[in-house]
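Visitor: Pasting a structure here, questions to come.
The values are calculated or read from the model by the stated rules, or taken from the named source; none is laboratory data. Keep in mind that what you see is a predicted model, and the values were worked out from it rather than measured. Cβ coordinates were reconstructed from backbone atoms using ideal geometry, including for glycine residues, and neighbour counts include every protein chain displayed. Just so you know, the surface numbers come from the protein's heavy atoms only, side chains and all, with ligands and any DNA or RNA stripped out. Shrake-Rupley method; radii C 1.70, N 1.55, O 1.52, S 1.80 Å.
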Amino acid sequence: MALLILGEFAVGISRVWIKNILGVKAQNVMQQRILARLLRSEWRGREAMHSGDIINRLEQDVRTVVTFLTETLPSTLSTVAMFIGAFVYLLQMDVWLACITVAILPLFILVSRIYVAYMRKYTRKVRDTDSRIQSLLTETMQHRMLVKTMEANRQMLDRLAGTQQVLRQWVRRRTMFSVASNFFLNFGFSLGFLIAFLWGALRMSAGTLTFGGMTAFLQLVNRIQGPARELARLVPTFVSVFTATERLMELEEIPEELQGDPQPLPAPCGIRFDDVTFWYGGARHEVRGARCEDSPAAILNHFSFDFKPGSCTAIMGETGAGKTTLIRLLLALVKPQEGKVTIYSSSTSEAAKSSAQPTMNHALCTMNYELCTMNYELTPLHRCNFVYVPQGNTLLSGTLRENLLLGNPAATDAQMHEALSLACADFVAELPDGLNTRFSEQGGGLSEGQAQRIAIARALLRPGSILLLDEATSALDADTERKVLENILSDHRRTIIFVTHRTAVVDYCNQVLDIKVKSEE
């Protein structure tokens, strides 16, 4: 008895340790693993899942799975052990009743399958609706300024209230089904205990069972029913973890990008589009000369262009012409359905010098320039050759230093100050904490122009030789914009691509790509 008591203390301490220490670690590891998988996944262009839904899965569903592993599963194992132990003792006292108890299990499993099917349906609806609520909350906070300026507070609150009402309806249905199921389950257990009692009474009247034996007999029946009841109460928990696992597996099903070591090319690099056609969605086909709803029009149709090494190109065009899609193709975020995008570099002088026959190689280069050009079909592995400055405010919460180190984790303070100087962000020197100045979300505390210049400096710290700027100077005044452009263009090792509506930028470019919306008859 003393050993059993000590064992119980040890099990209790172990459960607390598993729940609090190992549980947190398991939750952190699982979240890191899934987030890493999401960051490696393909970028679809039109994401099927809202960011709030993904966050809800990373938080709530991961917590459900970890709680099951660290709390529910150990409890289930101990409950099963109690059930088996009570059954063994009952088998020694009454073989027939023990066999009848086991024979009921298949019926219990059949009924539980029906129960689980309905519970999974209701639980899935509850979890999906809860994700929609978090998506709505996330989106509202992200666009709080828009909501305030549009005086749309009431509309957003009404949308939230409507979604919450749907959640309450599904919770009510699940609760009613659970209460009804528990009623029939408890009725079955009570009926089973009554049958066991009557069976014991009959044996006492026949003289085959003493009163003390019947007392022990009924206690064993109760010992069997107790774990069975506990297992029945755990069914909703099992259903919840099944649902959470399904939702997490949906994140795992998103295809991964091509994985491998980055493939940098010698500077400067060029990008060539050869007869590229791209559209969002599935396969595109024509039916009687008209596009179907599931057959989207091509954003780019048989598009060809060469961003030559060391060139400076301005991409212009009206809204909807395909400039954003072109950026995504350049960054290998999406792949064309037809045609090919190629990255190439003609800087092979070092390779020619190291060759065993430099004279012959030089002659080959003279006769055929293509032999001296490295051409690769563009993949995510070539993304290391790009320096990208997206439009808008893209600063993250944290210090200025942390934001700059996103461009180059190994950058020194001197390199960061040099990049800030090239981006005309000398105002950083006047900040009280300098590089350690802390910002709130989206660089709160800075003007749009200041945030834009820091984003440019962050990009300039990257070693890539293709600089892609998407309206990167839209928030700058004319003089600052001119200085920033002159500083950027002073590095002739880079191929520069501007996506812009500003004619002042065009003056600095040696070629212009004007994308037009295809007119439909």
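Visitor: Would you kindly state how much longer the chain becomes between ILE114 and THR342 on full extension, computed as 0.36 nm times their sequence separation minus their alpha carbon distance, in nm to one decimal?
Guide: On the way: separation 228, 0.36 × 228 = 82.08 nm, distance 5.58 nm.
Length difference between fully extended and current span is 76.5 nm.
Visitor: Rolling a 1.4 angstrom probe over the protein chains, ignoring ligands and nucleic acids, what is the accessible area of HIS417 in square angstrom, nearest 10?
Guide: Number for this one is 90 Å².
Visitor: Per the Cauchy relation, a quarter of the hull surface: what is the mean projected area of the convex hull of the alpha carbons in the range 136-216, in nm²?
Guide: With the hull built on Cα positions only, its mean projection is 8.5 nm².
Visitor: Could you give the distance between the Cα centres of the range 446-478 and the range 147-170, to the whole Å?
Guide: 37 Å
Visitor: Okay, moving on. Compute the distance in nm between two label points, each set 7 Å from the Cα along the Cα-to-Cβ direction, one at MET374 and one at LYS121.
Guide: Inter-label distance under the simple model: 5.9 nm.
Visitor: Longer than 27 Å from Cα to Cα, which of LYS125/LYS335; LYS308/LYS335; LYS148/LYS335; LYS335/LYS516; LYS340/LYS516 are they? Say none if no pair is. Could you put the intermediate results ahead of the total?
Guide: Details: LYS125/LYS335 35 Å; LYS308/LYS335 21 Å; LYS148/LYS335 39 Å; LYS335/LYS516 21 Å; LYS340/LYS516 21 Å.
Going by Cα-Cα distance, LYS125/LYS335; LYS148/LYS335 fall outside the 27 Å limit.
Visitor: Also, quick follow-up: With a 1.4 Å probe and all protein chains in place, put HIS302, HIS492, HIS382 in order of accessible area, largest first.
Guide: On the way: HIS302 105, HIS492 150, HIS382 5 Å².
Largest to smallest exposure gives the sequence HIS492, HIS302, HIS382.
Visitor: Once the dipole of the range 118-160 is set up with Lys and Arg at +1 and Asp and Glu at -1 on Cβ about the Cα centre, which of ASN153, SER135, MET119 lies farthest towards its positive end?
Guide: Most positive-ward Cα: MET119.
Visitor: Now for a different question. Separation between the GLU151 and ASN487 pseudo-spin-labels, each 7 Å from Cα along Cα→Cβ, expressed in nm?
Guide: Calculated label separation equals 4.3 nm.
Visitor: Still on this structure, I have one more. Let me check the size of the range 418-521 from its C-alpha atoms; what are the radius of gyration and Dmax in Å?
Guide: 15.7, 61
Visitor: Starting from the Cα-Cα distance between ARG37 and THR175, subtract it from 0.36 nm times their residue separation and give me the gain in nm to one decimal.
Guide: Details: separation 138, 0.36 × 138 = 49.68 nm, distance 3.51 nm.
Extra length from ARG37 to THR175 when fully extended: 46.2 nm.
Visitor: Provide the FRET efficiency to the nearest 0.05 for the THR319-ALA478 pair, computing r from the beta carbons and using R0 = 25 Å. Before the final figure, lay out the partial values.
Guide: Working: r = 23 Å, r/R0 = 0.93.
E between THR319 and ALA478, to the nearest 0.05, is 0.60.
Visitor: At each listed q (0.20, 0.23, 0.24 Å⁻¹), what is the log10 of I(q)/I(0) that the Debye formula gives for the range 1-67 modelled as equal alpha-carbon point scatterers?
Guide: Debye intensities relative to I(0), on a log10 scale: -0.85, -0.98, -1.02.
Visitor: Also, quick follow-up: Assuming 0.36 nm per residue, please report the length gained on full extension of the stretch GLU448 to LEU194 beyond their Cα-Cα distance.
Guide: Working: separation 254, 0.36 × 254 = 91.44 nm, distance 7.65 nm.
Here the answer is 83.8 nm.
Visitor: Just to be sure I understand the model, the point goes 7 Å from the Cα along the line to the Cβ. What's the resulting VAL11 to LEU234 distance in nm?
Guide: Reported label-point gap for VAL11 and LEU234 is 1.2 nm.
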